1. Please work out the Cα center distance from the range 109-179 to the range 285-339, rounded to the nearest Å.
2. Rounded if a/c is under 1.5, else prolate if a/b is larger than b/c, else oblate: which is the range 120-279, with a ≥ b ≥ c the root eigenvalues of its Cα gyration tensor?
3. Using only the Cα atoms of the range 265-424, what are the Rg and Dmax in Å?
4. Calculated from DSSP H runs of 4 or more alone, at -39500 (n - 2.57) each and per residue, what is the 222 nm mean residue ellipticity of the chain, nearest 500?
5. Using unit Cβ charges (K, R positive; D, E negative) and no other charged atoms, how large, in debye to the nearest 20, is the dipole of the range 1-95 about its Cα centre?
6. How large is ³J(HN,Hα), in whole Hz, for each residue of the range 101-114 in order, when computed from phi with the Karplus curve 6.51 cos²θ - 1.76 cosθ + 1.60 and θ = phi - 60°, using x for Gly and Pro?
7. Taking H as built 1.01 Å from N, whose amide H comes closer than 5 Å to the amide H of F91, not counting residues under 5 places away?
8. Antiparallel versus total DSSP beta bridges in the chain: what percent is that, nearest 5?
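What follows is calculated from the coordinates using simple rules that are stated; it is not laboratory data. Fair warning: this is a prediction, and the values are worked out from it, not measured in the lab. Please note: Cβ atoms are built from the backbone with ideal geometry, for glycine as well, and neighbour counts cover all protein chains shown.
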Amino acid sequence: MSDHPKLCIGIVGGGIGGLALAVALTRLNTTDTLQVDIYESAAKLTQVGAGITIWPRGWEIIRELGLEDSLAAYICPGQEIAKDNQERIGFIYRKSDHPENAVMCDLKFRGGSLSFHRADVQQVFLAHISPSVRVHLNRRLVSYRESDGKMQLSFKNGETAACDLLIGADGVNSAAIREARPLWTGTIVYRSVIESDIIRREISDHPCLVKPLVYCGKNKHVVSYPISAGKLINVVGFVSDPTKEGTFLEGPAVMSSTPDVVSSFFTGWSEEVKCIINNMSNPLRWAIEVVKPLDKYGYGRVALLGDSAHAMPVHLGNGAGQAMEDAYILAHLLHEASKHPKIDVANLVRVYSAVRQPFGNFAARASLEQGRLYEFTELDDVREGDVLAPEMLTRLGERIADGWRWTWDSSVKGDLQRALSMLQ
Ligand SMILES: Cc1cc2nc3c(=O)[nH]c(=O)nc-3n(C[C@H](O)[C@H](O)[C@H](O)COP(=O)(O)OP(=O)(O)OC[C@H]3O[C@@H](n4cnc5c(N)ncnc54)[C@H](O)[C@@H]3O)c2cc1C
């Protein structure tokens, strides 16, 4: 046991980022020196949406956090955890806004991508959090202030709490960030899961049963991949209005929709796409909003983590991956700092921000550019349904593959070492 008082960490938000931080702190055995409290606005911990894909750069963190074996139970047929240098499928890209699919690229790389149901990931995270981490539900942060070297938190239900370091892991509409409202990307997504057997009955060898797919088209695209060990197919249909990019969203960000509405956007598309889209039930309509790039991911006794710092378009499937990177680095900084009798919280936040802000902002920018390739945004002359020359599609496919490269051929480890050396 340590004989100096425990530093109190208040994590606001129990989404993937907040939970990843709690797992990482548990893994580093910091419970002697830190008291960790999670304040979540919802009445129970849930994950909205179904699918989540993790890439080699993020999987390295999963492995470091000791979660690999538990998550392996949920891996889908055709996917496997890389133990060698063999290349595996990431995503298959086709132009499909006409009756025949046209090849763009088959993204392959060492490791491949691994797709999960969010609820499974959440259960695995929760099972790896120390019992000493206190989870407080129904606590919506509404305001905070610094007083006597402590952060005083006020919640919507009238309760208050205090901590030494406030971690804003409360998503795109964060109460911990004092900047402007999030911006709309101009894109609406329609999300649903389908039982694999339903697709199998219609097209027995439909590639979506075993492969991650992106069907591209003008100002629209469809992503699908198997989850839950192949029992379900996760589907997301994207519909964009590029003229609305960077505006403020009017109305709610998330609401229910109907299968007919979703089908109406994809009537001229290939049979493979229509089979998926027409079988979506209870689709959720979701406006993709982003955080305007921030100069800093923290100030004083407040650190921003995950979507609150860098909510990004979803086109590189990396918002959660980046949240895990934030969590991994912050946990190591806290672990290192907690070895000393007095922790300089403001310096720790400065180091965290200096290391994470450039990379988080890079990932957000890269995601935005990637989506433009999927939807032919730069090609003003291209209309929905146009058949493009194979060479042109190959070139676009090469740019798409290049855009993904950092997610498998780079590592967070270098940034971690840099952060730890800056703390000295
Ligand atoms: C269609 C779609 C597909 C995606 N696919 C992928 C993918 O394949 N791979 C990937 O890495 N990422 C993906 N993402 C992005 C990923 O979902 C997010 O980046 C990630 O969930 C962010 O985690 P977070 O913990 O920062 O925020 P959130 O998951 O939003 O969690 C925030 C939590 O804070 C709580 N909260 C909110 N406000 C308050 C408050 N004031 N007080 C207390 N609690 C509060 C919320 O209830 C929630 O539990 C996708 C996103 C979308 C929309």
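1. 12 Å
2. Working: a/c = 3.35, a/b = 1.77, b/c = 1.89.
Taking the square roots of the gyration eigenvalues as a ≥ b ≥ c, the range 120-279 is oblate.
3. 20.4, 67
4. Working: 13 runs with 139 residues, N = 424.
Helix-only estimate at 222 nm: -10000 deg cm²/dmol.
5. Details: 9 positive and 11 negative charges, 98 e Å.
In total the dipole reaches around 480 debye.
6. Running phi through 6.51 cos²θ - 1.76 cosθ + 1.60 with θ = phi - 60° gives 5, 10, 5, 10, 6, 10, 6, 10, 6, 4, x, x, 9, 10 Hz.
7. L107
8. Values: 55 of 75 bridges.
Percentage antiparallel, nearest 5: 75.
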